[in-house]
Amino acid sequence: MEDNQQERDEVLIAFHEECDIPTRADVERWAVLHPKFAHDIREHAAVRLAMLADTTEAPASLDDDMIARAGSRVQAAMFAAEADDVAAEAAAVPVPSLNEMLKRSGLSQPQLARRLPIERVVVADLFAGRMSDVRPRFSTAISRELGVPLEAFNVAHARAAMTPSLGGRAKAVGQPIANQRTFEEIVRSSGMSQEEIDYWLADL
């Protein structure tokens with residue numbers, strides 16, 4: 001029992017250190033990685049968001065984006081409840097990996113990129129786990145092309161992002177590292193036109 005408590009505490013501490021202001025994607029990734037402590041992770045995220053929303057120092061210490069992400073106590077509670085629903089659905093039905101989804105769709109990565117349409121490098125980084133987050137417009141479009149539910153795609157992406165493949169040049173000294181970037185960084189450096197970039201970065 002003590003070992004389990006210690007493991008739980010270590011997971012929550014690591015989660016807090018990496019995700020000081022947790023997003024839905026953060027919670028989803030960590031819940032998939034540590035299913036035994038999924039409820040504790042969601043609860044910690046909800047409490048953290050509520051604390052940030054209530055702090056009197058918020059205007060001085062947090063920028064507008066952070067405050068918006070923190071939300072109110074009600075939003076935090078809704079966040080936790082929705083995360084519970086997604087996790088329950090994912091647990092009830094085994095979710096295939098991104099590569100399995102692609103194989104079942106009968107498409108190749110280049111074909112998928114053309115159908116979206118988006119530059120191939122964006123799709124390649126997604127399947128290699130080098131995309132740390134996804135935007136609603138992109139996740140909706142790609143889940144539709146793969147013929148899978150949006151929730152299943154999000155879980156598969158979260159799993160892939162936890163174990164990214166190597167990309168770019170590895171360091172000359174020491175262990176090679178995976179070059180993981182945000183969706184925005186990948187899109188902006190993809191070579192697409194500004195109009196295409198604006199389209200994929202716009203909210204739905």
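The values are calculated or read from the model by the stated rules, or taken from the named source; none is laboratory data. Being a predicted model, the structure only gives us computed values, none of them experimental. Quick reminder, even Gly has a Cβ in these numbers, built from the backbone with ideal geometry, and neighbours come from all protein chains shown.
Computed values, structure above
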{"read-out": "Pairs, first farther than 16 Å from GLY147 by Cβ in region 94-118, second part of a helix (DSSP H, G or I) and basic (Lys, Arg), C-beta under 9 Å, six or more apart", "value": "PRO110/ARG120; ALA113/ARG120; ARG114/ARG120"}
{"read-out": "Filtered residue count, region 116-126, keeping only those that are part of a helix (DSSP H, G or I) and surrounded by fewer than 20 Cβ atoms within 10 Å (Cβ to Cβ)", "value": "3"}
{"read-out": "Restricting region 151-163 to residues that are surrounded by 14 or more Cβ atoms within 10 Å (Cβ to Cβ) and more than 11 Å from the chain's Cα centre (by Cα), the residue that is modelled with the lowest pLDDT", "value": "GLU151"}
{"read-out": "In region 114-138, the residues that are aliphatic (A, V, I, L, M) and closer than 15 Å to TYR199 by Cα", "value": "LEU116, ILE118, VAL122, VAL134"}
{"read-out": "Criterion violated by VAL187 - all others in (1) outside any helix (DSSP H, G or I); (2) touching a Leu at 6+ places or on another chain (Cβ under 7 Å); (3) at pLDDT 90 or above satisfied", "value": "(1)"}
